[in-house]
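The values are calculated or read from the model by the stated rules, or taken from the named source; none is laboratory data. Computed from a predicted model, the values in this text were never measured in an experiment. FYI the Cβ positions are ideal-geometry reconstructions off the backbone, even for glycines, and counts take in every protein chain you see. Just the protein is used for accessible areas: all its heavy atoms, side chains included, with ligands, DNA and RNA removed. Shrake-Rupley method; radii C 1.70, N 1.55, O 1.52, S 1.80 Å.
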Amino acid sequence: MSLIALALLIGCDNLGRNRPGDEPVDDSGLEVLAVDAVQPSYLTTLGGQVEILGGPFDGSAQVTLDAVEATVLSAEEDRLLVEVPALSAGWVDVRVQTDFGQGELERGLQVFEDATGLAGSLGAIEWYELQGSYWTNDSQDFGTAWFGLIEPEEVHWWDIFGVETDDCTADPSFPSLKLWDLGASEVTLAADGVELELQGASDRIYDAALSSQQYLDWADYSLQTVVGSELPEFGIERVGATPGSFQLFTPAVYSDAPPVLRKNELTFEWGEVEAERVIVMAERRSGEDVEEILETVACVAENDGSFQIPGSTWQQGWDSDDWLYLYVGAVREDGGTIPLNNADSRVAGVYWLLGAATTSK
């Protein structure tokens, strides 16, 4: 082959690469690169690594996120591995430019305010074990679960009772929280092959009743990937963990008949259980209609084996022959990290012992 023929072949090859109409070009005359997706499609304000999918890319690729330049760690024809620097929270346009082309994905990356050390979710996986044999024949142990993603703040599940540790209140109230709208009709918690489908409520809380097969002692529950929501697809590898059963020694609500108690005799003693806190709660119910709750006292206690509800906590008169529903709950708060913002998942596992008593002046 002559040198002239070889030169013509090389020239044709170069011309072919940029042949008009072969690839779309923009106003700059460069090829339009495909910037199809960013994985993951979210980061925190601290930055981190993402992959940009599309192409064709090469080693000349430069990436900017709005006006901030990122570092390209590796380049393949259909993907770039990129180190993203610290960014402000919000949506970011992702732009890629090479020597031969450029492309952009508007709102390609969502940046969340880093929330390390704060709570990003709140909820509970709870089981209630009835004490004593004095319940009606249709009474049985039961469970509930609820979950919500929240604007990050320093809050724990036991804060819903509104008191500090080793203290009581006659006015338990839910803390003021800003819930995030997931835009999904349900979410699923799972552990060891068991799934809990929690249905969405109007207040952006997801909840469900649990069967005895769905509450597992000493289990780690995960939040399965939430798809089709207002947020990027995400899951939580360890959303919460549950404790197991334990013993309640005092008061003797575990017998064949409920005890009779005065308001200064509400001393609780329980057996060893792994828990961050123990919740002690008493509901005084009408002796004429057990469904009518007259007053509720709630206490947050250290897990040291005993606690007494001060008689002065009760705000209303104490009558004879009313019912007391007595709850002692071991609270295990042992969740993981929410990938969207590095916040803690503070979905508590709570094992409740529920007994009854009657009142005496």
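Please list, ordered by first then second residue, the pairs with beta carbon atoms under 6 Å, 6 or more apart or interchain, first in segment 332-351 and at positive phi, second assigned to a loop (DSSP other than H, G, I, E, B) and of a type in the set (D, E, K, R). Taking only residues 6 or more apart or on different chains, the pairs are ASN342/ASP114.
Candidates in segment 69-96 are the residues that are charged (D, E, K, R) and outside any strand (DSSP E or B); of these, the one that is nearest to LEU53 (Cα to Cα) is ASP78.
Considering the conditions (1) of a type in the set (Gly, Ala, Ser); (2) within 19 Å of TYR128 (Cβ to Cβ); (3) within 34 Å of the chain's Cα centre (by Cα); (4) surrounded by fewer than 17 Cβ atoms within 10 Å (Cβ to Cβ), GLY228 is excluded by exactly one of them, (2). Taking the criterion of being of a type in the set (S, T, N, Q) and free of Cβ contacts under 8 Å to residues at least 60 places away in the same chain, the residues of segment 286-315 that qualify are SER286, ASN303, SER306, GLN308, SER312.
Hey, does segment 313-326 have a residue that's open to solvent by less than 60 Å² (accessible area, probe 1.4 Å) and under 30 Å from LEU189 (Cα atoms)?
From segment 313-326, those open to solvent by less than 60 Å² (accessible area, probe 1.4 Å) are 313-314, 317-318, 320, 322, 324-326; that's our starting set.
Retained after the next criterion (residues that are under 30 Å from LEU189 (Cα atoms)): 325-326.
Yes, because at least one residue in segment 313-326 is open to solvent by less than 60 Å² (accessible area, probe 1.4 Å) and under 30 Å from LEU189 (Cα atoms).
Just to be sure I understand, how many residues within segment 251-295 are among the β-branched types (Val, Ile, Thr) and surrounded by fewer than 16 Cβ atoms within 10 Å (Cβ to Cβ)? Talk me through it step by step, then tell me what you get.
First, the residues of segment 251-295 that are among the β-branched types (Val, Ile, Thr): 253, 260, 267, 273, 278-280, 290, 293.
Pick out the ones that are also surrounded by fewer than 16 Cβ atoms within 10 Å (Cβ to Cβ) and you get 260, 267, 290, 293.
Summing the residues that are among the β-branched types (Val, Ile, Thr) and surrounded by fewer than 16 Cβ atoms within 10 Å (Cβ to Cβ) in segment 251-295 gives 4.
Among the residues of segment 194-219, those identified as part of a strand (DSSP E or B) and in contact (Cβ under 8 Å) with a residue 60 or more places away in the chain are LEU196, TYR206, ASP207, ALA208, ALA209, LEU210. The residues of segment 335-361 that are open to solvent by less than 10 Å² (accessible area, probe 1.4 Å), within 31 Å of the chain's Cα centre (by Cα) and β-branched (Val, Ile, Thr), listed by number, are ILE338, VAL347, VAL350.
Among the residues of segment 102-137, those that are in contact with a strand residue (DSSP E or B) (Cβ under 6 Å, 6 or more places away or on another chain) and open to solvent by 50 Å² or more (accessible area, probe 1.4 Å) comprise GLU104, GLU106, ARG107, LEU118. The criterion of at least 1 residues that are within 22 Å of TRP135 (Cα to Cα) is met by the following strands (runs of 3 or more DSSP E) wholly inside segment 242-337: 248-250, 267-270, 277-285, 293-301, 323-332. Taking the listed residues ILE160, ILE150, the one that is open to solvent by less than 40 Å² (accessible area, probe 1.4 Å) and either small (Gly, Ala, Ser) or within 12 Å of ALA119 (Cα to Cα) (or both) is ILE150, with no other qualifying. Just one of the listed residues (ARG79, ARG95) is touching a strand residue (DSSP E or B) at 6+ places or on another chain (Cβ under 9 Å), crowded, with 19+ Cβ neighbours inside 10 Å and at pLDDT 95 or above, and it is ARG95.
Within segment 146-171, residues that are under 24 Å from GLU283 (Cβ atoms) sit with their Cβ atoms under 9 Å from residues that are of a type in the set (S, T, N, Q) and surrounded by 15 or more Cβ atoms within 10 Å (Cβ to Cβ), at 6+ positions apart or across chains, in these pairs: PHE161/THR169; GLY162/THR169; VAL163/THR169; CYS168/THR313; THR169/THR313; ALA170/THR296; ALA170/THR313; ASP171/THR296. If you go through segment 163-181 and pick out every residue that is under 17 Å from the mean Cα position of the chain (by Cα) and open to solvent by less than 50 Å² (accessible area, probe 1.4 Å), you end up with 4. Modelled with pLDDT of 95 or more, out of contact with any Ser or Thr (no Cβ under 7 Å at 6 or more places or on another chain) and of a type in the set (Gly, Ala, Ser): does that describe GLY271? Yes.
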